[in-house]
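What follows is a single structure, written as structure tokens, with notes after it.
The values are calculated or read from the model by the stated rules, or taken from the named source; none is laboratory data. Just so we're clear, the structure is a prediction, and the values are computed from it rather than from any experiment. Counting neighbours? That spans all protein chains shown, and the Cβs are built from the backbone with ideal geometry, glycine included. Accessible surface is based on the protein model in full, side chains and every heavy atom, while ligands, DNA and RNA are left aside. Shrake-Rupley method; radii C 1.70, N 1.55, O 1.52, S 1.80 Å.
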Amino acid sequence: MENQDFAIPKYIDEPQQILWWDMDEVAIAASLSVLGMISGLFVAGTALGIAASILLAKLKHGKPRGFLRHAAYNNGYMEIKGCPPSHIKEFME
């Protein structure tokens, strides 16, 4: 086998990134840019997308991975498979 250079990730379970943004931040910026392009306000949509991505990054900073998913579950915006609804706080046998 020849000596080849490979990029080995430092942590195998790290979320994918584009430049310095996580994929969820890129998705928000891209979707708002596309919505701005569809509505004819591309510059405003792109600026709003970048601002929303920066706000999301600041919200996630210093918190563990999965923080937003658990916050959405606790506030009733989503369900987690195998878990009871979040509004049930006390269980009786």
### Message
Suppose we filter SER86, SER53 for residues that are surrounded by 11 or more Cβ atoms within 10 Å (Cβ to Cβ), of a type in the set (S, T, N, Q), in contact with a Phe, Trp or Tyr (Cβ under 7 Å, 6 or more places away or on another chain) and not in a loop (DSSP other than H, G, I, E, B); which single one remains?
### Response
SER53
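Every residue, every condition in (1) part of a helix (DSSP H, G or I); (2) in contact with a Cys (Cβ under 7 Å, 6 or more places away or on another chain); (3) within 14 Å of GLU25 (Cα to Cα), yes or no:
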{"position": "GLY36", "(1), (2), (3)": "yes, no, no"}
{"position": "GLY45", "(1), (2), (3)": "yes, no, no"}
{"position": "LEU48", "(1), (2), (3)": "yes, no, yes"}
{"position": "PRO64", "(1), (2), (3)": "no, no, no"}
{"position": "ALA72", "(1), (2), (3)": "yes, no, no"}
{"position": "GLY76", "(1), (2), (3)": "no, no, no"}
{"position": "ILE80", "(1), (2), (3)": "no, no, no"}
#### Entry: Subset of segment 33-50 [touching a Leu at 6+ places or on another chain (Cβ under 6 Å) and open to solvent by 40 Å² or more (accessible area, probe 1.4 Å)]
LEU48
### Message
What pairs come out if I take residues in segment 18-32 that are among the hydrophobic types (A, V, I, L, M, F, W, C) and surrounded by fewer than 14 Cβ atoms within 10 Å (Cβ to Cβ) and pair them with residues that are in a helix (DSSP H, G or I) and modelled with pLDDT of 80 or more whose C-beta lies under 8 Å away, six or more apart or interchain?
### Response
ILE18/VAL26
